[in-house]
1. Counting pairs on different chains as well as pairs 8 or more places apart, how many Lys pairs in region 270-449 have Cα atoms under 23 Å apart?
2. Inverting the mean 1/r over all pairs of different Cα atoms, compute the Kirkwood radius of the chain and quote it in Å.
3. Between the helical axis of 596-607 and the dominant principal axis of the chain, each derived from Cα atoms, what acute angle in degrees is found, rounded to the nearest 10?
4. Given just the C-alpha atoms of region 270-449, how large is their convex hull per residue in cubic angstrom?
5. Figure the gain on full extension for residue 327 and residue 522 (residue separation times 0.36 nm, minus the Cα-Cα span) and round it to one decimal in nm.
6. What is the extension gain from residue 10 to residue 155, computed as 0.36 nm multiplied by their sequence separation minus the C-alpha to C-alpha distance, in nm to one decimal?
7. So what's the net charge close to residue 318: Lys and Arg +1, Asp and Glu -1, counting the other residues with Cβ under 14 Å from its Cβ?
8. I'd like the orientation of helix 219-234 relative to the chain: the angle between its Cα long axis and the longest Cα principal axis, in ° from 0 to 90, rounded to 10.
Amino acid sequence: MRKPFHDAILALSADRAVAAIVIACAGRTFVAGADIRKFGKPPERPHLPDLIAALENAGKPTVAAIHGAAFGGGLELALGCSWRVALVSAKLGLPEVKLGLLPGAGGTARLPRLVGASKALRMIVSGDPVAASQALADGLVDEVFDADLLANAIAFADQATVAEEPARRVRDREEKLFQARADLDGIDAEVAALLKKVRGLDAPRACAEAVRNALTLPFDDALAAERAAFFALLASDQSRAQRHLFFAEREAVKIPRIGPDIIPRALRSAGVVGAGTMGGGIAMALAAGGVPVAIVEANEEASARGMARIRANYDASVARGALAPDERDRRLALMTPTIRYEALGEADLVIEAAFEDIAVKRAIFSRLDEIAKPGAVLATNTSYLDVDAIAVATGRPADVLGLHFFSPANVMKLLEIVRGNKTAPDVLATALALAKRIGKVPVVVGVCPGFVGNRLLAARSAELENLLLEGATPSTIDAAFVEFGFPMGPFAMADLAGLDIGWANRKAHGRAAVIADALCELGRFGQKTGRGYYRYAEGARTGTVDPDVETLVAAKSAQAGSARRQIEPGEILERTLHPMINEAAKILAEGIASRASDIDVVWVHGYGFPIGKVGPRFWADMEGLTRIVERLDHWREATGRGTFSVAPLLRDLAAGGGKLAEFKNPTA
Ligand code: NAD
């Protein structure tokens, strides 16, 4: 549509009978950004900057009338106008950074001229949109209307044509830049603070640099630099990865064989069983979505403890300024703590988050079967257990599924929706609707121990103890992961989650882990006890290296008769990440995940796989499957361990020059 648009602007500019130009859009939104699928294809003229230049040089007032969303290229188009007006419900933003890009059609040079450098930096580096009212306060829009956008915009343009001051091009408006130009050190400090949160990503840095160019370079030079940076990012692996994730998330909500004709069940109120770490977080997630929730505990003491923790979490958010006090009160008012299971009788959805013990869970589900109303969705938050075995403890297995939240459940975005072999289609649809309502990213997976996320985690963890015994330490291993781009390494993560959970699990299955077991026997359960793989000062969330642990690791090496050697980060990553890829191939072959990209969504949102590399599947295809198979074979020969036995699917794909992305399992 760029061509007819460009022609129209030129024609209207030349037409003397036209006093002003108003740009408005039919349908549900203003121009909401580029067609991302076209990125990387040869562009056709006129380009977006040509359109914006034509608008800017129209020689008469131009007004963008914005409803819905003016995002990315859409907002840049509006910035080519002399004025912007909007419906009060409109949102405006430059979200390019979320796709690993920067606004490439003048957004970084024009936005600061309207809102000042600080606000522009925040908007462009975060990519978060602002509401019309905020945009009005910031100077991004000139007027906001409740209704009748087009008529009001035309009236606005009428006024503008008779106003004494001629319409000014945004590019010529310098006054909001004076202050920042005089204090570039201040701007640099703001940039440094913003970039701290996005370590390892190129796009936020490029965004910040482009805004700085708007302050220091002549306008056209800033534009040229921005355009060059845009194309450099467009060609980068990081941006490719982020665009892949964008599509993967949209793909993930499509469940094979379940069409739009499947209507979700109503969700007016919910119940949670267990007010521990997960139950409390899940209740908070539900309350954030406005769902009233009854929280059932085993006894009064546990109930009081659970509610106290929820309150403490809310208070901490309020203290940080992340939550308004009245919003905290509203959410707390939605929660009803109780020890009476009967309180769940009216709930449309019950989520069980009691102990990870199949007998406990089966007993709870048979109780729920007696109490829950017909049609209620019954979910378990189990991490590893067999959802089908839990479902048959009820007389209504079609209503049962897994809803696997991640810790902390009120924060982490991922929701693994576990489809049992009897789960009804509309129960799955209800789970997807719930995810949307409470702001989670859902992925539907099949039943197997650990589902997709924890099963890959187990594969990643299999060699950790061996690496420690052979010469690595928790901190050298964690450092390799952080360098790769994970927010934290596996040992820091284990300390955060609590070492006792894995210990109990190993004991239940007659398994051992020399070092982890020894730590647990010393009562070192991680952060909750102030000691785990690391040492934690009172209340600290990051640990320090503990010489006692290094001594213990060395002693266990000696006992195992293992000569310690220095282990390079490359080896650490090969022996942990490659087995994950192998497991991902097995998961695909078994149909546990519907598509390869679902695995990426799980690992980015549940486990912090670096966004710039996006996910195990994407990263593996980037690395090359042939190399991964080669290295797995190498380590299997070197260690003799089954961990490195290459999955047939992975070997086949590698041999055929294929990619995991291309694999489709018809039975998934
Ligand atoms: P937790 O020990 O912190 O909490 C469990 C709570 O359930 C306790 O407060 C306990 O009193 C209560 N409870 C036990 N039996 C009950 C019963 N019959 N009726 C009512 N309440 C009962 O454990 P958690 O870490 O919150 O884990 C809960 C579940 O979530 C487990 O299945 C676990 O595998 C799963 N999970 C945990 C995590 C995690 O990181 N902690 C992540 C995902 C899933």
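1. Number of lysine pairs found: 5.
2. Evaluated on the chain, it is 27.8 Å.
3. Roughly 80 degrees between the two axes.
4. Per residue, the Cα convex hull of region 270-449 comes to 96 Å³.
5. The span from residue 327 to residue 522 would gain 66.0 nm if fully extended.
6. Values: separation 145, 0.36 × 145 = 52.20 nm, distance 2.25 nm.
Extra length available between residue 10 and residue 155 comes to 50.0 nm.
7. Values: positive: 311, 320, 328, 330, 331; negative: 315, 326, 327, 329.
In short, +1.
8. Helix 219-234 sits roughly 30 degrees off the main axis of the chain.
Bear in mind that the values in this text are calculations on the coordinates, not laboratory data. If you're wondering where the values come from, they're calculated on a predicted model, not measured in any experiment. Note that we place each Cβ from the backbone using ideal geometry, even for glycine, and neighbour counts take in every protein chain shown.
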